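The block underneath contains the structure these notes are about, expressed in structure tokens.
No value in this document is a laboratory result; all are computed from the given coordinates. Worth saying up front: this structure is predicted, and the values here are computed from it rather than measured. Don't worry about glycine lacking a Cβ; one is built from the backbone with ideal geometry, like all the others, and counts go over all protein chains shown.
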Amino acid sequence: MTSQAPTNTADSHVLPRWARRTKDIVMTLCLWCYFLGVFLSVFFLFYLGAVIFRRNRRQAIQRLNRIYFQGFFVLCRKVAPKHKWHIDDRVRRIRSSIVISNHLSYLDPILLISLFDQFTTIAKDRLFTKPIFGRLLRLSGFLPSSWQGRNTGLLLDSWETLPSQLAEGANLVVFPEGTRSRSGAVGKFQKGIFKIARYFRAPISLIAIRNTNNLFEPGKFVFNTCASNTISVEFIETMHPNYDDPDLSIPGLVSDVRAKIERHLNPHSTP
């Protein structure tokens with residue numbers, strides 16, 4: 001049992017299927033035009049200015065990332081008005097934490113980026129090989145997912161700067177499932193991020209994301225803009241594990257965190 005309620009497709013009684021499909025395609029083109037066109041025509045200049053003129057490039061670029069993605073979600077609200085949004089204010093107030101969430105859609109990471117002024121995250125190695133995008137990831141202070149290959153030096157540099165980022169209030173945002181859930185159920189958690197939390201003695205903030213997959217489904221290119229839906233980002237709690245406790249178990253911590261997110265998403269489920 002999962003908490004991902006089926007999309008309310010009340011609009012299907014108003015518009016025929018071909019009209020809904022046409023609207024979805026047109027609105028998707030609008031979103032992609034923002035994502036690519038506005039970046040290349042407007043934001044690229046701001047990013048270039050941050051690289052050339054700002055002393056702390058990482059912070060400046062992270063703030064630009066936040067503004068850029070905030071604009072994207074403002075447009076999402078305009079082109080898909082049947083999708084309602086609920087963002088818990090306590091999520092916005094998280095600071096200096098390892099932020100752990102479930103993962104439903106490609107929208108999840110950029111949605112969280114839009115909520116935090118300072119942040120870093122772990123991105124797939126192949127993204128760092130892209131000519132412009134990869135450079136932007138490096139300047140943003142993002143961490144590659146693997147210790148091996150050409151990104152080893154980058155990961156070591158990021159590892160060295162992570163304590164100062166956390167001390168300055170930045171969050172490390174991670175989806176420990178490693179991939180999007182196709183069913184909405186919380187998948188198996190990888191242990192690596194919990195080892196990082198212990199190494200840096202960082203608090204762990206748990207959040208839950210609902211229904212982003214009803215707007216942008218895994219494996220689909222076109223946004224589902226016509227259906228009624230409520231997307232939410234909910235604060236669960238901030239944990240402060242006793243890392244000095246010799247009995248602290250990483251597998252136990254992984255299990256505890258996953259269980260708390262699962263219980264929050266499915267409060268009425270049977271254990």
Open item on the list: Testing the spin-label approximation: label points 7 Å from Cα along Cα→Cβ at F200 and S228. State their distance in nm.
Closed with: 4.3
Open item on the list: Which of D117, D247, D89 ends up with the largest GNM mean-square fluctuation for the chain, with Cα atoms connected below 10 Å?
Closed with: D247
TODO: State, to one decimal in nm, how far the label point of D244 lies from the label point of E160, with both points 7 Å from Cα in the Cβ direction.
DONE: 3.0
Open item on the list: Going by amide H atoms built from the backbone, whose H comes under 5 Å of the H on E177, apart from near neighbours?
Closed with: Q190
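Determine the calculated [θ] at 222 nm for the chain from helices alone, applying -39500 (n - 2.57) to every DSSP H run no shorter than 4 residues and normalising by the residue count; nearest 500 deg cm²/dmol.
My calculation for the chain gives -12500 deg cm²/dmol from helical runs alone.
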TODO: Calculate how many DSSP beta bridges within the chain are antiparallel, expressed in % of all such bridges and rounded to the nearest 5.
DONE: 30
Task: For the chain: lysine pairs under 23 Å (alpha-carbon distance), excluding those fewer than 8 apart on one chain - done: 15
Task: Modelled FRET efficiency - R0 41 Å, K188 with F44, Cβ distances, 0.05 increments - done: 0.60
- [ ] Mind giving me the nanometre distance, one decimal, between the label points for L15 and D117, set 7 Å out from Cα along Cα→Cβ?
- [x] 3.8
Task: Within-13-Å neighbourhood charge of K188 [Cβ basis; K, R +1; D, E -1] - done: 0
Open item on the list: Could you compute how fast the stretch 14-265 diffuses translationally, taking Rh as the Kirkwood radius over C-alpha pairs and applying Stokes-Einstein at 10 °C with viscosity 1.306 mPa s? Give it in µm² per second.
Closed with: 82
Open item on the list: Using a 10 Å cut-off around each Cβ, can you sort K188, K220 from fewest to most neighbouring Cβ atoms?
Closed with: K188, K220
